[in-house]
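Some notes on the structure that comes next.
The values are calculated or read from the model by the stated rules, or taken from the named source; none is laboratory data. The structure displayed is predicted, hence computed values, not measured ones. For neighbour counting, all protein chains shown are included, and Cβ atoms are generated from backbone atoms with ideal geometry for every residue, glycine included.
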Amino acid sequence: MEIINLILSMLLHPSIFVPLIFPGLITILIVIILLIWAERKIAAKIQMRIGPLYVTRRLGGILQLLADLLRYMFAELIISKESDKLMFIASPIIALTVTLLPLAVIPAGSLLGIELVALKTSIGLLAALTLSSLTPIFIIVMGWASNNKFALIGSLREGYLMISYEVPMYLSALSVAILHGSLDIVNIVNNQQRIWTALINPFAAFSFFTSMIMSTSRFPFEITESDSELVAGPYTEYSSILYGLVMGVPYMRLYVFTLLFVNLFLGGWYPAINGFSSIILILKVLVILLFSVFLRSVYPRYRLDQAIRIGWHSLFVLSLISIILSLLIIGCGGISGC
Amino acid sequence: MKMVLPKSQNSEKEIELFIGPQHPASGHMRFIGRVDGDIFTKFIPDPGWVHRGIEKIAENRKWIQIIPLVERAAILDAANMNIGYVIALEKLLDIEAPPRAQYLRTLLCEINRITSHLYGFGIAGIMIGSSTFYMWPFADREPLIDIAQLITGSRLTYSYMIPGGVRRDLPQGFKEKALKALKYIERRLNNDYFRLFFDNPVTKARYKGVGVLKKDDAIKLGIVGPNLRASNVKYDVRKVEPYAAYSELEFDIAYREEGDCYARLMVRVEEIRQSIKIIRQILNKMPQGPIIHKKYERLISLKKLEEYQKTGVFGLPAIFATLRPPAGEVISRVEAARGELIFHIISTGDLRPYRLRMVTPSFRNMVLFRELISGARVMDFPAIYGSIDYFPPESDR
Amino acid sequence: MVAKIISNFYYHIRAILTGLKYLFSPGIRITLKYPDELLLLPENYRGMLKLNNDLCISCGLCSQVCPAGALSLKLFEYEQTKQVKRHPEVDYKRCIFCGFCVDICPSKALELTRIHDAAFYVRDELYYEVDRLITGPKIDLPCKKSKYVVSEIDEVKGLVYRNV
């Protein structure tokens, strides 16, 4: 009995509950299965066809991704002789692990009275953004280790894009921190009880959202893995279960960024019902995820130099304007004053 | 002969790319390019992967058996290939089809022009990444293919026109169904296609100013079809040398002045609108009469005579199995969906032709790959490929 | 410059709204849910062949005109009357379903059916001898729940499938 109590109290402690169960690994796996199914169904509905249907017929084909993963496990893993074998196999695994690191500092509301954040620090926002910049490095390593000309071109494109979207993202987050006066995400969310940041400073919201779409290869910025020009960019040579992993990395990155976006700009888990505020958070995250995924059916993709130009001419300027706006609001007396 | 690029000066910092037949963006052909940073310094196409030897096979087939053979050179555009061959054969036999047959031939040719342009839109959409604009034109071809199935009995491989006329007549209730399908296509083209794709700022950024073809270059290189008309040259074989019923129908030539990829797409949109106008005129003005030439009417067998007097349809006269046209050499030109199609036939009065030569429009447009893409960015290659509407089986025959 | 930004924004919003309109409007689909729905082909469709042996006069025009060389005439012995006549046989590995043989037959002995499924488990079944050609092709339903539908052209939805 006491061992079960011990295990239960360990599991329900926030520093284990958040990264493992909610909104960590298990929730991420369920959300990805539903998200990829939703992407294909939304695209099919707009294109006047049906989409995945036959795996679990009564539910409309929801478990299609599990069938796909099962098929990947039975495929043959081909590693070419001239590739750098250690980095070829290790970089998808490291990329996946590193993508989930920001979940350590992002809060997720309160469940039954417990405040859910794994590591309570006073520089949570800075830590989350810095940890999220590690993934593109490993995507570039994937392209280099494959020893394939198309993969090399793909990883070069990822490098170019990485320079263009990092700066507006950091500047927009900085403007939110200036507005609310702290770098701790829990304080920022608690400060939005009456009005959301997106309504006060829409430039920052727009520039953060567009940088988020650029960094996770959603259309119209799906340039790294453009599958009608380069065969699959840096992921060309991957087969079998490694292919399943590398295809999951952009979706996990999208989920982590959406959590951050909702916490910074859309009020997090407020308006909070007594004790179950995380449900509101998950609903908001689902709406933003479905919108990001819906953009696939509407847009073609930009050219590389046009995307870089958008990053520097439009988004950089917008984020500078949002910093100036935040400074003006602070000088005018803060949120409650103006 | 192996296709290789000439040796380059700085081979240390240039990558040689083989965009081969096993590539999502290459169709059934291969391209060899040299990339320096983000720009193609040299680019050549390497065709021949779909070569089926149609011209050689045609030397061993009877005259009437070549009709399905020649259609399958470019099966999307089957009616135009068919009419080119049949007009050449009729010049040898020195006959002309009756007026109702001419109108029926024009009807099928224009329906085929619309479906071929919609296929071109689909390929242009998927090349720059818009999967919705890949599925929508392919879905919108279905009502038109249904219409063509009502006339001829088959969805894509029509084999409808024979020397002297056509094989079948219009069924009952055809006009209402055709008008419904045309209204659907018109509404989709003018509303949804423009809102989703053609007015989309991303599309305009990818297509405007890319792959510019000037007027003098277009004439010098021998480009045909909508690519030529998008560079400010108003040339259309249907107006220069009218065949079938085109001399009695009113339509305008679609043309643009800029010569970039967006202009080529807009020329195709305008051609679809003109084709819809032509089909509506045909359905209103169709004359009554026989559908096959008088010379062959006398050869009907007794069993088929009574049905012929009731419905006017009797199929093929038996002479076609051993048709021997007189000796001679003829050339015929028609306007297929992708440009001007030329047939050159030499006959020695035998059961089989001596030589059959077809110059297809895609074969003449292939030089645009070398001219437009050398010096362009790597990501401009799919945009230019999608906009010139190149179809490898038609070029390789 | 500002006008260009505003007009770009307007076009972006219009594209997204078109996508949302198709997402939330009731179902338009052009796919056929095969094998639950089987398409009933129209009447003058060029499908597989059927021979009417009373009318055949053994002239051989059909095999002379076939572009793919799929028809050939063979001797056939009738069981009841012990008469021997020449009748055509079809090789569906070569047939391109063009319909020239039906059109050229002077006594209308060959006719087209609406059946197009030429799929068999054994390769030799693709060659239709004279007695199978007289009976004609037949279909097995792919699964128990299959129903036939007919396609109709609609002004708003493009193509609609109606139960027969």
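Among the residues of region A:159-170, those identified as in contact (Cβ under 8 Å) with a residue 60 or more places away in the chain and within 14 Å of chain B (Cβ to nearest Cβ) are A:Tyr160, A:Leu161. Among the residues of region B:106-119, none qualifies, meaning not one is away from chain A (no Cβ under 14 Å) and in contact with a Gly (Cβ under 7 Å, 6 or more places away or on another chain).
Across region A:171-186, which residue is farthest from the other protein chains (Cβ to nearest Cβ) among those that are part of a helix (DSSP H, G or I) and among the polar types (S, T, N, Q)? It comes out as A:Ser175.
Report yes if A:Val298 is free of Cβ contacts under 8 Å to residues at least 60 places away in the same chain and either within 14 Å of another protein chain (Cβ to nearest Cβ) or among the charged types (D, E, K, R) (or both), otherwise no. Step through it out loud before you land on a result.
Details: free of Cβ contacts under 8 Å to residues at least 60 places away in the same chain: no; either within 14 Å of another protein chain (Cβ to nearest Cβ) or among the charged types (D, E, K, R) (or both): yes.
When the stated conditions are applied, A:Val298 does not pass them.
Of the residues making up region A:32-81, those that are within 14 Å of another protein chain (Cβ to nearest Cβ) and in contact (Cβ under 8 Å) with a residue 12 or more places away in the chain are A:Ala38, A:Glu39, A:Arg40, A:Lys41, A:Ile42, A:Ala43, A:Ile46, A:Gln47, A:Pro52, A:Gly60, A:Gly61.
In region B:159-177, the condition of being closer than 27 Å to A:Ile46 by Cα and either within 19 Å of the chain's Cα centre (by Cα) or crowded, with 23+ Cβ neighbours inside 10 Å (or both) is met by no residue. Could you count how many residues in region B:331-340 are under 30 Å from B:Leu351 (Cβ atoms) and touching a Ser or Thr at 6+ places or on another chain (Cβ under 8 Å)? Number of matching residues: 1.
Scanning region A:237-251 for residues that are in a loop (DSSP other than H, G, I, E, B) and surrounded by 21 or more Cβ atoms within 10 Å (Cβ to Cβ), we see that the one that is nearest to the other protein chains (Cβ to nearest Cβ) is A:Glu237. Per the conditions (1) among the polar types (S, T, N, Q); (2) part of a helix (DSSP H, G or I); (3) within 14 Å of another protein chain (Cβ to nearest Cβ), the sole criterion not satisfied by A:Asn263 is (3). So which residues in region B:130-154 are more than 9 Å from every other protein chain (Cβ to nearest Cβ) and charged (D, E, K, R)? B:Arg141, the sole residue that qualifies. When each of B:Ala74, B:Ala101 is tested for being over 22 Å from B:Thr360 (Cβ atoms), of a type in the set (Gly, Ala, Ser) and in contact (Cβ under 8 Å) with a residue 60 or more places away in the chain, the lone residue that passes is B:Ala101. Here B:Thr41 qualifies as of a type in the set (Val, Ile, Thr) and more than 30 Å from B:Thr152 (Cα to Cα). Scanning region B:317-350 for residues being closer than 18 Å to B:Tyr246 by Cβ and of a type in the set (S, T, N, Q) gives a total of 1. For region B:16-32, filtering for residues that are crowded, with 20+ Cβ neighbours inside 10 Å, in a strand (DSSP E or B) and more than 10 Å from chain A (Cβ to nearest Cβ) leaves 2. Every listed requirement among (1) touching a Pro at 6+ places or on another chain (Cβ under 8 Å); (2) within 14 Å of another protein chain (Cβ to nearest Cβ); (3) aromatic (Phe, Trp, Tyr) is met by A:Phe208 save one, (2).
Looking at region C:1-46, which of the residues that are under 21 Å from C:Glu155 (Cβ atoms) and in contact with a helix residue (DSSP H, G or I) (Cβ under 7 Å, 6 or more places away or on another chain) is farthest from the other protein chains (Cβ to nearest Cβ)? The selected residue is C:Pro42.
Taken over region B:186-209, the criterion of being under 30 Å from B:Arg364 (Cα atoms), within 9 Å of another protein chain (Cβ to nearest Cβ) and either in contact with a Lys or Arg (Cβ under 6 Å, 6 or more places away or on another chain) or in contact (Cβ under 8 Å) with a residue 12 or more places away in the chain (or both) is satisfied by B:Phe197, B:Thr203, B:Lys204, B:Arg206. On the stretch given as region B:255-301, residues that are over 27 Å from B:Tyr160 (Cα atoms) and in a loop (DSSP other than H, G, I, E, B) total 6. Among the numbered conditions (1) within 14 Å of another protein chain (Cβ to nearest Cβ); (2) in contact (Cβ under 8 Å) with a residue 12 or more places away in the chain; (3) of a type in the set (Val, Ile, Thr); (4) closer than 30 Å to A:Phe22 by Cβ, the only one that A:Val287 does not meet is (2).
Yes or no, residue by residue, for (1) in a helix (DSSP H, G or I); (2) at pLDDT 85 or above:
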position	(1), (2)
A:Ile16	yes, no
A:Ile36	yes, yes
A:Leu66	yes, yes
A:Glu82	no, yes
A:Ala90	yes, yes
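Being part of a loop (DSSP other than H, G, I, E, B) and touching a Pro at 6+ places or on another chain (Cβ under 8 Å) holds for only one residue in A:Gly61, A:Gly51, and it is A:Gly61.
The condition (being more than 21 Å from B:Gly37 (Cα to Cα), surrounded by 19 or more Cβ atoms within 10 Å (Cβ to Cβ) and touching a residue at least 12 places away in the same chain (Cβ under 8 Å)) is satisfied by just one residue among A:Thr135, A:Thr121: A:Thr135.
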